[in-house]
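The values are calculated or read from the model by the stated rules, or taken from the named source; none is laboratory data. Note that the structure is a prediction, hence the values are computed from the model and not measured. In this analysis, Cβ positions are derived from the backbone assuming ideal geometry, glycine residues included, and neighbour counts consider all displayed protein chains. Just the protein is used for accessible areas: all its heavy atoms, side chains included, with ligands, DNA and RNA removed. Shrake-Rupley method; radii C 1.70, N 1.55, O 1.52, S 1.80 Å.
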Amino acid sequence: MHLSRSFALKMARSVATCSATLAILTLVDCGVLAQAPAALKVNPATGTPVQAPAPQRPRRPMDSPYAKAAYATMQAPLNHLTPVTDAMLRNPPPGDWLNWRRTYDGWAYSPLTQINRKNVKDLRVSWTFSMASQDDAVNETTPIVHDGVMFLWNFGETIQALDAKTGTLLWQFDYTLPSDYPSLPGFYRTKRSLAIGGNKLIVGTIDMHLIALDTKTGKKVWDVVTDDYKSERTYNSGPLVVKDKVLIGAGNCSPGSANRDGGKVAGYFPPGGCFITGHDLETGKELWRFNTVAHTNEPGGDTWNNLPDDKRGGSAIWEVGQYDPELNLTYWGTGSPSPWSTVTRGSFGATGLYMNATLALNPDTGKLVWYYQHIPSDPYDMDYAFEHILAPVTVRGERHKALITAGKPAIFEAVDAATGKFLFAVDPGAQNVATAIDPVTGVKTLLPEPPPPGVTRCPTNAGARNFPAGAYSPSTNRYYLPISDTCMGKMGDTPARFLALDLNTQKLVWDIRTRVPQSSGQLTTAGGLVFSATPDRYFRAFDDHDGKVLWQSPRLNDIPNAFPISYMVDGKQYIAMPVGNPGLQGNTALYAAPENGVVRGSKSSVLWVWELP
């Protein structure tokens, strides 16, 4: 084929023009790609990077009568919501789950019996719901259920209301963090529980706001600030509604980053430690404040070797407290000091109130009624910041209302709920930090710092137990608690132990030893069951008498590292648990059996709900 000279010239010019245009676009594109990334923002006080907020997705309009009618039908469960009264919180309706552990006494016990030993083998999935699963997400939360509506926290400070029968999303509240919020590890930005009182859902945010949402609409009712978020304190535990007040405790006051160069150098930690505040339920107004690290001008302020207040740190609140309406006392466990080493923090042999303590406060005034310090002068990060079980015990022939807890050493310790007097301690033998325990006072003789040559202190900083809470059943009078006995080196290939402590005899009636430890909180039911999950992605139901496995779920999406609950809607009982995006503890549990972690799939979070056929 022959092309005319004029046509060839036109084609050449066209190609040249396109080539030039392409070259310009390429240069522009390369120039954009070659631009230096935006400077990383940091908190000038701490040097911690800050994270940018995620963009919000706009709502789609509903412009047809059919859509509006269908939406109204979907929203119908919200119309049945009634205010949560003080009487309900003291004695919740059987089908509701109104607190972190359902009831003020910390039991995590459901009185429902529809699902029981005989039929639990027939459990099947009722519905699921996808939860936020960002790369840095950590899911350690507990759903709240009232009048057939479930309230659920999602990583990133999103709160959702769901139809607890079908999983239909009813409303969603998205909280926007400041643009310069510190980029803290995910386990400081999780949320272990919410609270409900009246017509308000109460949320503590990780930038130190306490907010109330209308339970029917998700609209913000009030919003108060308790601290400058640049201090890096967070609310990662949860609130507690007591009568006409909201109580909440601050966390992240003893971060691992405060221990540099093997703990020989102190890094940044929130100065002055953590605190618990009491607020008016109607307005959010702060009514009182209790510092969990005693300041110089306060009782106990002389227990820190004369350190200035800004050099005292720790005593974080990991999990929401419990409450005894008869005694009008609320109980809170506190964490370890910061830095961890007595030498690095400069306190040496000083007891350092109120590290590793159980605090009994008057919820009306915030005044300290009594305290019991489990490990003073802690050099080993042995937090006592976990659940407290209010239950009856008989000790030396006397009946007591006891408050029972276990810190990281996994020693069961009981004190009198009214006075704080020591009652008993049961050591399963997963630790050597306490070399002796006085049987009358509970005072511990501690392993010296540093340990003697050839001695490895146990447990590690992860603890023989961590935040996943144990549970109690009044049917058996047993406290069920899994522990990990990996450190002492005596358990061989089965370092995981699932314990049941009989509170009548103070003897272990279960000591189930397995390869893979439990990684979730525990749930007990009047159906004779104990529910728990493991990091190899199974959820199980155990017989609460002999520990026999009666049901095992199909493989779950990811590691379960949150808290299971049970509730009822329209006469049907459900079991629910958020699963996935485990934090530090969940991953530690996985690697207790390292073969399970050789190949890891993608992280994800899903709320699973089970029912009987």
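Within the range 79-123, how many residues are in a loop (DSSP other than H, G, I, E, B) and within 24 Å of THR217 (Cα to Cα)?
As a first pass, look at the range 79-123 and keep what is in a loop (DSSP other than H, G, I, E, B): 80-83, 85, 91-96, 98-108, 111-119, 123.
Next, from what is left, pick out any that are within 24 Å of THR217 (Cα to Cα): 80-83, 85, 92-93, 95-96, 98-100, 102.
Residues meeting the conditions: 13.
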*Take the range 145-166 and flag every residue that is within 25 Å of ARG189 (Cα to Cα), open to solvent by less than 10 Å² (accessible area, probe 1.4 Å) and in a loop (DSSP other than H, G, I, E, B).*
GLU157
*Run GLY442 past the list (1) small (Gly, Ala, Ser); (2) under 26 Å from the mean Cα position of the chain (by Cα); (3) closer than 16 Å to ALA357 by Cβ and report the number of the one that doesn't hold.*
(2)
*Six or more apart or on different chains, Cβ under 8 Å: which pairs go from a residue in the range 579-597 that's without any contact (Cβ under 8 Å) to a residue 24 or more places away in the chain and in a helix (DSSP H, G or I) to one that's of a type in the set (Ser, Thr, Tyr) and open to solvent by less than 50 Å² (accessible area, probe 1.4 Å)? Could you list them?*
none
*Is it the case that the range 208-223 has a residue that's polar (S, T, N, Q), within 29 Å of LEU584 (Cβ to Cβ) and surrounded by fewer than 23 Cβ atoms within 10 Å (Cβ to Cβ)?*
no
*strands (runs of 3 or more DSSP E) wholly inside the range 354-449 containing at least 2 residues that are closer than 28 Å to ARG289 by Cβ*: 357-361, 368-373, 389-395, 398-405, 412-416
*So which of GLY335, GLY284, GLY349 ends up being part of a loop (DSSP other than H, G, I, E, B), at positive phi and touching a residue at least 24 places away in the same chain (Cβ under 8 Å)?*
GLY284
_On the basis of being out of contact with any strand residue (DSSP E or B) (no Cβ under 9 Å at 6 or more places or on another chain), open to solvent by 10 Å² or more (accessible area, probe 1.4 Å) and at pLDDT 95 or above, does THR176 make the cut?_
yes
*Considering (1) surrounded by 24 or more Cβ atoms within 10 Å (Cβ to Cβ); (2) assigned to a loop (DSSP other than H, G, I, E, B), say which one SER566 fails and leave the rest.*
(2)
*Of all residues in the range 450-478 being in a loop (DSSP other than H, G, I, E, B) and polar (S, T, N, Q), which is farthest from PHE386 (Cα to Cα)?*
THR456
*Only one of (1) in a loop (DSSP other than H, G, I, E, B); (2) open to solvent by 20 Å² or more (accessible area, probe 1.4 Å) fails for TRP608. Which number is that?*
(1)
*Can you name the number of the only condition in (1) surrounded by fewer than 20 Cβ atoms within 10 Å (Cβ to Cβ); (2) under 17 Å from the mean Cα position of the chain (by Cα); (3) within 20 Å of ILE389 (Cβ to Cβ) that ARG102 fails?*
(1)
*Determine if the range 251-258 includes at least one residue that is among the polar types (S, T, N, Q), under 30 Å from ARG457 (Cα atoms) and surrounded by fewer than 22 Cβ atoms within 10 Å (Cβ to Cβ).*
yes
